[in-house]
Amino acid sequence: MKYFRLFTAASALIVMVGTALNVVAADPISEREAGFKSSKKTSVQIKEAIERGDHASVATSARSLAVFAAKVPDLFPAGSKGSFFSGAKDSIWANFPDFVQKSKAFELEALELERLATSEPVNKGALLSSYQRLSNTCSGCHQPYKRGR
């Protein structure tokens, strides 16, 4: 009986800790907010790297944007609008297929920028044009889906 109570208590503790860790790990609002802040910084770094001719940094940064872009739709599950101060508009969920399509366009433009940065010889004009298209995919999503835009 003593071992049964100990086993039950230990099992309950494991379930509680596991649930708590799952809640922290599965917080799409915090993850997307951090991801978008990081993406903004990465975008600035890409522009600076293009100007410096640092093609390796452009490629690495573009790849990180593509990875994040692929995750974006999963970071907006139903019911995850967030607080009053959230930048997410209800139109994200009302027009979710369009939101996913815009996220995919962002991912594809980031991958294209990576491809151009790793091609030989690297064409700075092509990189700048690709960077501009990438930036346009960002603003193309912000306008319909982010408050304050």
Next item on the list: Would you mind calculating the gained length between SER91 and GLU31 on full extension (0.36 nm times residue separation, minus the Cα-Cα distance), in nm to one decimal?
Entry: 19.6 nm
Checklist line | Relative compactness, the stretch 88-141, computed as alpha-carbon Rg over 2.2 N^0.38 Å | finding: 1.36
Notebook entry, point to check: What number, in percent, do you get for the relative contact order of the stretch 28-145 if the mean sequence gap of Cα pairs under 8 Å and at least 6 apart is divided by its residue count?
Noted result: 33 percent
Item checked: Nonlocal amide H pairs with ALA88, under 5 Å, H built at 1.01 Å -> ARG147
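Add +1 for every Lys or Arg and -1 for every Asp or Glu among the other residues with Cβ under 12 Å from the Cβ of SER64, and state the total.
+1
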Margin query: Would you report the distance distribution of C-alpha pairs in the stretch 28-145 as whole percents per 5 angstrom bin, up to the bin with the largest distance?
Written below: 2, 12, 23, 23, 16, 11, 8, 4, 1, 0
Check: Using +1 on the beta carbon of Lys and Arg, -1 on that of Asp and Glu, and nothing else charged, what's the dipole of the stretch 28-145 about the Cα centre, debye to 20?
Finding: 180 debye
Next item on the list: Count charges around SER43 for me, please; just the other residues with Cβ under 13 Å from its Cβ, Lys/Arg as +1, Asp/Glu as -1.
Entry: +3
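Of the peptides 115-122, 99-106, how do they stack up when ordered by the mean number of other Cβ atoms within 10 Å, highest first? Numbers along the way, then the final one.
Values: 115-122: 14.1, 99-106: 18.9.
Final packing ranking: 99-106, 115-122.
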Notebook entry, point to check: Cα-Cα over 19 Å: which of LYS47/LYS146; LYS40/LYS124; LYS40/LYS81; LYS104/LYS124; LYS47/LYS124; LYS47/LYS102?
Noted result: LYS47/LYS146; LYS40/LYS124; LYS40/LYS81; LYS104/LYS124; LYS47/LYS102
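Any read-out appearing in this document is the output of simple, stated calculations on the displayed coordinates, not a laboratory observation. Only a predicted model underlies this, so the values are computations on that prediction, with no experimental measurement involved. Here the Cβ is made from the backbone with ideal geometry for all residues, glycine too, and neighbour counts use every protein chain on show.
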